[in-house]
Amino acid sequence: MKLSPTMQKYIVHWGEMGTRWGVNRTVAQIHALLFLANQPMNAEDIVETLNVARSNVSNSLKELQSWGLVKVQHVLGDRRDHFVALQDVWEIFRVITEERKKRELDPTLTVLRECAIEAENDTEIEAATRQKMDEVLVFLEMLLSGYDDFKHLPPSVVMKLLKMGGKLGQLVAIFGKDDDMAAK
């Protein structure tokens, strides 16, 4: 596949962005390439287009498949596996968010909950330290609960909420003032 200068820039930046998020550069570049491609690509095409080692492409494709971002597609008359990336931006975002939650946040939440239980009987922990640990746990539980509420919303609803942005925050603040007054 011949890449235009703009496509090259896009793919290189996607790789740089990936490394900042803890993703291997080649994995991210292959994802970008397959996202931009309008036809399924086999591993040899990817090797040739990105000028990377075949073994690196193979491992990267396995990683992308484990995330659910790339799928195998067979082409009539060609015995090789061809690969396609998810094309819906919202679905890509949803898959990445869900996988990161599963791989990073869920295990962290489990450990924080264990620590909260253990801290109740740990006489060496000061009350202020226990309170900090509890605050992190409550925050993460609230964040993940909010995520669970939003992840099932259709993209059109999420887009409307995002477009409301600060206006939604102002509305919540107004209603929050009423709650604050009632509490007094």
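The values are calculated or read from the model by the stated rules, or taken from the named source; none is laboratory data. Quick caveat: nothing in here was measured; it's all calculated off a predicted structure. Virtual Cβ from ideal backbone geometry, glycine too; neighbours counted across all protein chains shown. The protein model used for the area step is the full one, side chains on, heavy atoms only, and it has no ligands, DNA or RNA in it. Shrake-Rupley method; radii C 1.70, N 1.55, O 1.52, S 1.80 Å.
Remarks
- Taken over region 118-144, the residue count meeting the criterion of being farther than 22 Å from ASP106 by Cα, of a type in the set (Val, Ile, Thr) and not in a loop (DSSP other than H, G, I, E, B) is 1.
- Verdict on ALA28 being touching a Phe, Trp or Tyr at 6+ places or on another chain (Cβ under 6 Å), modelled with pLDDT of 95 or more and hydrophobic (A, V, I, L, M, F, W, C): yes
- Filtered residue count, region 19-38, keeping only those that are open to solvent by 30 Å² or more (accessible area, probe 1.4 Å), in contact (Cβ under 8 Å) with a residue 24 or more places away in the chain and either in a loop (DSSP other than H, G, I, E, B) or outside the structural domain of ARG79 (by TED's automatic domain parsing) (or both): 1
- Looking across region 72-88, the residues that are in contact with a Pro (Cβ under 7 Å, 6 or more places away or on another chain) and within 17 Å of SER60 (Cα to Cα) come down to GLN73, HIS82, PHE83, VAL84.
- Any hit, region 70-85, residues being in the same structural domain as HIS31 (by TED's automatic domain parsing), modelled with pLDDT of 95 or more, closer than 27 Å to GLY15 by Cα and not in a strand (DSSP E or B): no
- Pairs where the first residue, in region 106-125, is closer than 12 Å to VAL136 by Cα and touching a residue at least 12 places away in the same chain (Cβ under 8 Å) and the second is open to solvent by 100 Å² or more (accessible area, probe 1.4 Å) and assigned to a helix (DSSP H, G or I), C-beta under 9 Å, 6+ apart: none
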